[in-house]
Amino acid sequence: MVTSSAPGKVYLFGEHAVVYGEPAVPCAIERRARVTVEERAEGVRVHAGDLTLDGFTVEYDDAAAGHPDVDVPDSLVEAGVGYVNEAISQARDAADDGTAGFDVTVDSEIPLGAGIGSSAAVVVAAIDAATRELGVELSREELADRAYRVEYTVQDGQASRADTFCSTMGGAVRVEGEDCRTLPAPDLPFVIGYDGGAGDTGALVAGVRDLKETYGFAADTVAAIGDIVRRGEAALADGDVAELGRLMDFNHGLLEALGVSSRSLDAMVWAARDAGAPGAKLTGAGGGGCVVALDETTETATALEYTPGCQQAFRAELDTDGVRVEGR
Ligand code: PMV
C-alpha cells in the first residue's frame, strides 16, 4: 500500500493566454490531494472520501466504469472516475503490467473544478502511488508528462501542461507550450476565496477563442497577458510583492475584458483589494470558482469571509514540495 499526495495550484499569471502559446506562471499551494493505492487481484475499486462528492465507492473494470449509487451529478462522478481510470492506465503502462488491479482511495482538500487544480493533483498523486505500488519509481519529468496525457485524454485535448507540471514539481513554474521549467520564488502569502461554484472550462476557452478570432483587440489582449507574465517573472525573481500585486490586478482586468470573470469573482477581487491586498485576480478558467490574492496580513481572508458570494476563504503558502510519498 502506498499513499502519495500532490498539491493544487493557483495561476499567478497567464491562464487562457497559455492556450495560445503565451507563457503562464502557476504556483503550487499547500492544499493537497492524497491518493492511497493497494494492489488487488483484479479490477479497480475507487473510494473517494472527500471530493465534495459526499463519499462514494465504485467498482469497475477499466473503461467499463460502473455507476455508483450516489446523490451527486453524474457528470461530476464520471469526471472523477475518468481521471482515476486514466491515471491507472498510465501506471499500468509505466510498469508494463496491463492487468494489475487496485484499491484506490482519494481524499482531497482542493475544491473540484474551481480553478485550483484538483484534477491534476489527484492524477499526479494517483500515478505516483500506483507506479510505486508496482515497484516502479518514475522521474518527476515522466510523472508530469504521464499526468498531462491523462488530462489531455479526459478533457478531449483541451489541456495545457501547466496544472500537472506544477502539481508534480511544486513551487512556482513557467509553462510556455511544451517548455516547462521551475522558477525560484520567494514565500508568497496567497489568500484564496472560493464562491462554491465551478466554471465550464471548455465553454470559457471557446469563448475566448471566438473573441480572439473576431476582434484584433481581443488578440492584442491575449498578447498583453503574455507581456504581464514576462514582467511578472522578473518581479517574482526580485521578490517584489507590490509589483506582483499590480500585475495581478492588471491580469484580472484583461481576463474580465475577455469575458471569463463573473459577478462573484469580481466581488471577491474587489473585497481583497479594499482590504489592502497588494493584488487579486481570478485563477484558472474563471466563470466561477476561486480568486487568489496576495496578503501577508489576515485582512483579506477576513474581508472575503464577509463578502456575499464567497463561500470559503483560506490562506495557503506556496508549496515547494510537489508530489511526495506520505506513507507505505
Ligand atoms: O480552471 P483550470 O485550473 O483547469 O485552468 C484552466 C486554465 C486555462 O488556461 C483556461 C486552460 C488550460 O488548459 O490552460
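Remarks
- Test: residue in segment 307-319 that is aliphatic (A, V, I, L, M), within 20 Å of Val173 (Cα to Cα) and within 16 Å of the ligand (Cβ to nearest atom): yes
- Filtering Arg149, Arg161, Arg181, Arg132 for residues that are in contact with a strand residue (DSSP E or B) (Cβ under 6 Å, 6 or more places away or on another chain) and within 16 Å of the ligand (Cβ to nearest atom) leaves a single hit, Arg161.
- Within segment 20-42, the set of residues being among the β-branched types (Val, Ile, Thr) and under 15 Å from Ala130 (Cβ atoms) comprises Val35, Thr36, Val37.
- Of the criteria (1) within 14 Å of the ligand (Cβ to nearest atom); (2) assigned to a loop (DSSP other than H, G, I, E, B), which one Leu138 fails: (1)
- Boolean, Ala285 is assigned by TED's automatic domain parsing to the domain that holds Asp240 and crowded, with 24+ Cβ neighbours inside 10 Å: yes
- Top-ranked residue of segment 10-21 - restricted to ones that are surrounded by 22 or more Cβ atoms within 10 Å (Cβ to Cβ) and part of a loop (DSSP other than H, G, I, E, B), ranked as farthest from the ligand (Cβ to nearest atom): Gly14
- Answer from Ala237, Ala172, Ala223, Ala198 - the residue that is in contact (Cβ under 8 Å) with a residue 12 or more places away in the chain, within 14 Å of Val18 (Cβ to Cβ) and either buried (at least 19 other Cβ atoms within 10 Å of the Cβ) or of a type in the set (Gly, Ala, Ser) (or both): Ala223
- Lone unmet requirement of (1) more than 19 Å from the chain's Cα centre (by Cα); (2) surrounded by fewer than 16 Cβ atoms within 10 Å (Cβ to Cβ); (3) not in a loop (DSSP other than H, G, I, E, B) for Asp249: (2)
- Every test in (1) modelled with pLDDT of 65 or more; (2) on the phi < 0 side of the Ramachandran plot; (3) surrounded by 15 or more Cβ atoms within 10 Å (Cβ to Cβ) is passed by Gly43 save one, and that test is (2).
- So Asp187, is it in a loop (DSSP other than H, G, I, E, B) and more than 13 Å from the ligand (Cβ to nearest atom): yes
- Asp274 vs. criteria surrounded by fewer than 19 Cβ atoms within 10 Å (Cβ to Cβ) and not aliphatic (A, V, I, L, M): yes
- Scanning segment 80-103 finds one or more residues that are at pLDDT 95 or above, in a loop (DSSP other than H, G, I, E, B), surrounded by fewer than 22 Cβ atoms within 10 Å (Cβ to Cβ) and away from the ligand (no atom under 16 Å from the Cβ).
- Lone unmet requirement of (1) within 16 Å of the ligand (Cβ to nearest atom); (2) buried (at least 19 other Cβ atoms within 10 Å of the Cβ); (3) under 18 Å from Leu12 (Cβ atoms) for Ser262: (3)
The values are calculated or read from the model by the stated rules, or taken from the named source; none is laboratory data. Since the model is a prediction, treat every value here as computed from it, not as a measurement. All Cβ positions, glycine included, derive from the backbone under ideal geometry; neighbour counts span all protein chains shown.
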